[in-house]
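The values are calculated or read from the model by the stated rules, or taken from the named source; none is laboratory data. Bear in mind that the values here come from a model prediction, so they are computed numbers and not experimental data. We place every Cβ from the backbone using ideal geometry, glycine too, and count neighbours over all the protein chains shown. Areas reflect the complete protein model, heavy atoms only, side chains present, ligands, DNA and RNA absent. Shrake-Rupley method; radii C 1.70, N 1.55, O 1.52, S 1.80 Å.
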Amino acid sequence: MVNRRSVLKIGAATVAGVLVKVPVSDQNLSQTRAQIAFHRAVFDERFAECRGFAAELDSAGVFTSAIRGDVAKLWYDDLRVHLRENRLPFAGLTDRAALFCLEELARDVGMRVIFRADHMIDQNGHTQHTAVGPASLAAVARNLPKETGFGRALAVLFSQFDINALNASRPGDMAAQKRTGPFSPENKTALVSWLIA
């Protein structure tokens with residue numbers, strides 16, 4: 001059973017592992033992976049970090065959907081139909097424009113962004129992470145690796161949290177919504193990880 005204490009322990013362990021660069025083993029994740037509470041993971045296949053994010057979640061049994069920037073086909077042909085029947089949370093690692101569109105489209109089925117982390121990648125491959133949303137998840141996301149591999153680490157982090165409990169704990173929080181525009185700053189790649197519930 002996932003409770004507040006176990007979530008905090010997992011978050012602390014993840015932060016400690018990131019700080020000392022200890023990889024998280026599949027054996028340690030076996031119990032938490034069975035409890036993943038979101039319906040699907042959306043990823044932009046143009047970016048290596050997004051592909052790593054999807055591969056990690058796919059191996060955990062989460063259904064993944066690839067996009068190439070445009071989310072219209074995925075939304076109108078697939079997601080909207082499923083979400084109208086059962087509003088299960090979904091997650092992603094995409095560019096800002098894709099989240100911008102999904103955030104607007106999700107309103108149609110009564111859902112909203114409850115967590116977002118912006119990942120600004122400079123020309124040297126160093127990444128700066130900023131996150132807003134539930135405090136325990138945002139604190140850990142801010143400490144993701146600054147180099148390549150943060151997509152997989154993020155997927156592991158997402159797989160360790162009960163998204164439904166996080167959403168229920170702060171139903172009126174709007175901090176994760178519309179923090180930035182849809183475009184990347186000059187000379188940087190802007191990816192964003194998010195949870196919609």
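A search for C-beta distances below 7 Å between a residue of the range 30-59 that is within 18 Å of residue 101 (Cα to Cα) and at pLDDT below 95 and any residue that is aromatic (Phe, Trp, Tyr) and not in a loop (DSSP other than H, G, I, E, B), counting only pairs 6+ apart in sequence or on different chains, returns 40/63; 40/90.
When the range 65-77 is examined, which residues are found to be open to solvent by 10 Å² or more (accessible area, probe 1.4 Å) and either closer than 23 Å to residue 145 by Cα or outside any strand (DSSP E or B) (or both)? Once the filter is applied, which keeps residues that are open to solvent by 10 Å² or more (accessible area, probe 1.4 Å) and either closer than 23 Å to residue 145 by Cα or outside any strand (DSSP E or B) (or both), the range 65-77 yields 68, 69, 70, 72, 73, 74, 76, 77.
If the condition is being assigned to a loop (DSSP other than H, G, I, E, B) and within 19 Å of residue 53 (Cα to Cα), then the range 86-120 contributes only 89.
Of everything in the range 154-175 that is among the small types (Gly, Ala, Ser) and open to solvent by 30 Å² or more (accessible area, probe 1.4 Å), the residue that is modelled with the highest pLDDT is 165. Scanning the range 95-117 for residues that are more than 16 Å from the chain's Cα centre (by Cα) and closer than 16 Å to residue 131 by Cα yields no hits at all.
Could you tell me whether the range 97-112 includes any residue that is open to solvent by 50 Å² or more (accessible area, probe 1.4 Å), more than 19 Å from residue 75 (Cα to Cα) and either of a type in the set (D, E, K, R) or in contact with a Gly (Cβ under 6 Å, 6 or more places away or on another chain) (or both)? No: zero hits.
Could you tell me whether the range 78-93 includes any residue that is open to solvent by 10 Å² or more (accessible area, probe 1.4 Å) and farther than 19 Å from residue 40 by Cβ? No, the range 78-93 has no match at all. Do we have any residue at all in the range 129-151 that's at pLDDT below 90, of a type in the set (Ser, Thr, Tyr), part of a helix (DSSP H, G or I) and surrounded by fewer than 23 Cβ atoms within 10 Å (Cβ to Cβ)? Yes, the range 129-151 contains at least one residue that is at pLDDT below 90, of a type in the set (Ser, Thr, Tyr), part of a helix (DSSP H, G or I) and surrounded by fewer than 23 Cβ atoms within 10 Å (Cβ to Cβ). Mind checking whether some residue in the range 116-123 is exposed (fewer than 13 other Cβ atoms within 10 Å of the Cβ) and without any contact (Cβ under 8 Å) to a residue 24 or more places away in the chain? There is no residue in the range 116-123 that is exposed (fewer than 13 other Cβ atoms within 10 Å of the Cβ) and without any contact (Cβ under 8 Å) to a residue 24 or more places away in the chain.
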